[in-house]
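Down below is the structure, laid out as C-alpha cells.
The values are calculated or read from the model by the stated rules, or taken from the named source; none is laboratory data. Note that the coordinates shown come from a computational prediction; the quantities given were computed from them, not determined experimentally. Methodologically, a virtual Cβ is constructed for each residue, glycine included, from the backbone with ideal geometry; neighbour enumeration extends over all protein chains shown. Surface accessibility is based on the protein's heavy atoms, side chains included, excluding ligands, DNA and RNA. Shrake-Rupley method; radii C 1.70, N 1.55, O 1.52, S 1.80 Å.
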Amino acid sequence: MTFKLRVHDVAYPCEGILFDKDGTLLEFLHLWGPWAETMLRQMEESLTERGATFTVDRGDVLGTKHDGAGKIIGYDPQGPFVIATVDESNGLLAGQLYAAGIPWNESITMIRKFSSVAMREVRQNKLAEPMTGLIPFLQQCRDASIPMAVVTSDSTAAAETHLDWMGIRSYFTSIVGSDRVTLGKPDQESVMLACNELHIRPDRAIVIGDSNGDMQMGRSAGASCVIGFCPQDQAADHLHDADVIIRAYEELGLFPNEI
C-alpha cells in the first residue's frame, strides 16, 4: 500500500521519509551547545596566554548567541555552528587562531586537541534528546511500513551513536553521513544515496530538515515535498526553499493513497 503525507491539508506522495539529524530529530543545543562552549573556552584560554583575543566578537566565531555567563542560548540558523561539518568547523576555528597570530600548523594542531576534549565530554554526557512529538510520528511511519533514512552533515558513525542514545536507531533503514558522499548538502547526492538504499524514487520521498541547505538538497533531488522544521520559539524566515514549514511533528499525518 502506498501512502500520502498530509501537511496543512495538502497531501504529498510518500514512499519514504528522509530526515536531517541535528535540530530535526534531536534538540540541537542540548547536544552541541556544550561542545561549542568547550571549544570557545579552550580557544580563549590559549589566546589569553599569548596576549591575544579573537579577531571578531565571540558570538561571530561560530554564529552563536550567549547569555551573560557565556552559556549558548541561541544560534544563527544559517551559520557554521548549525550547518558546517566537523572538518569545516575545525578549519574555521583554526583560521580564527591563525588570524590572531598563531602559526597555521600550531593552530590546526591546537584545534584538533581541543575538539578531542570537547567530543569526549559530548560522549560522556550523552545529551541527545528527541524533538517533542518525534517518536510517535516515527512509530506511525513504522506501523505504515514507510522506510526512513537520516541524511546528515555529521559523520555516519556519530549519527548512529546519537540515534542509539535516543533509542531510535531501529526506525531507520539508511544513515547517510558526510563521509559517505563526495558532495555534502545542499547537493542532492545524499538524497539519491538514501533513496537508493530505501528502494524508493526520489520524487516519492519526503525530506524534512531545519536548514535551507536541507530544503535545497531535497529540491535538487526532485523530492515530493521538502518540509522545513522550525519549533515555535524560532523564526523560520531562513527556510526560503521549503514547500511547507511545520512547528511540530503533530502537524504531519500519514494516510493510505486511496483516501
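General remarks:
- Heavy atoms of E160 accessible to a 1.4 Å probe, total area in Å² rounded to 10: 60
- Counting protein heavy atoms only, the range 144-196 has 47 percent of its accessible area on carbon and sulfur, 1.4 angstrom probe.
- In terms of its C-alpha gyration tensor, the range 129-259 has a rounded overall shape, because the principal axis ratio a/c (a ≥ b ≥ c, square roots of the eigenvalues) stays below 1.5.
- Rel. contact order, % - alpha carbon contacts under 8 angstrom, at least six apart, the range 168-217: 34
- The chain - share of DSSP beta bridges that are antiparallel (%, nearest 5): 45
- With contacts taken as Cα pairs under 8 Å and at least 6 residues apart, the chain reaches a relative contact order of 26 percent.
- Counting 0.36 nm for each residue step from W104 to I135 and taking away their Cα separation leaves a gain of 6.7 nm.
- Taken as Cα centroids, the range 98-119 and the range 26-56 sit 11 Å apart, rounded to the nearest whole angstrom.
- Shown here: volume of the Cα convex hull per residue in Å³, derived from the displayed model; of the candidates (i) 198; (ii) 121; (iii) 160, it corresponds to (ii).
- If only the Cβ of Lys and Arg carry +1 and only the Cβ of Asp and Glu carry -1, the dipole of the range 200-252 around its Cα centre is close to 280 debye.
- Debye, to nearest 20: dipole size of the chain, +1 on Lys, Arg Cβ, -1 on Asp, Glu Cβ: 440
- Basic side chains Lys and Arg get +1 at the Cβ, acidic Asp and Glu get -1 at the Cβ, and with that the dipole of the range 1-104 about its Cα centre reaches some 120 debye.
- Carbon and sulfur %, accessible surface of the range 1-66 computed with the full protein complex present, 1.4 Å: 46
- Accessible area per residue in Å² at 1.4 Å probe, computed on the range 160-226: 40
- Look at the dipole of the chain built from charges on Cβ: of A236, I246, Q124, the Cα furthest out on the positive end belongs to Q124.
- Selected from M192, G222, I208, residue furthest toward positive end of dipole (the chain; charges at beta carbon): M192
- Probe 1.4 Å, accessible area per residue of the range 1-133, Å²: 49
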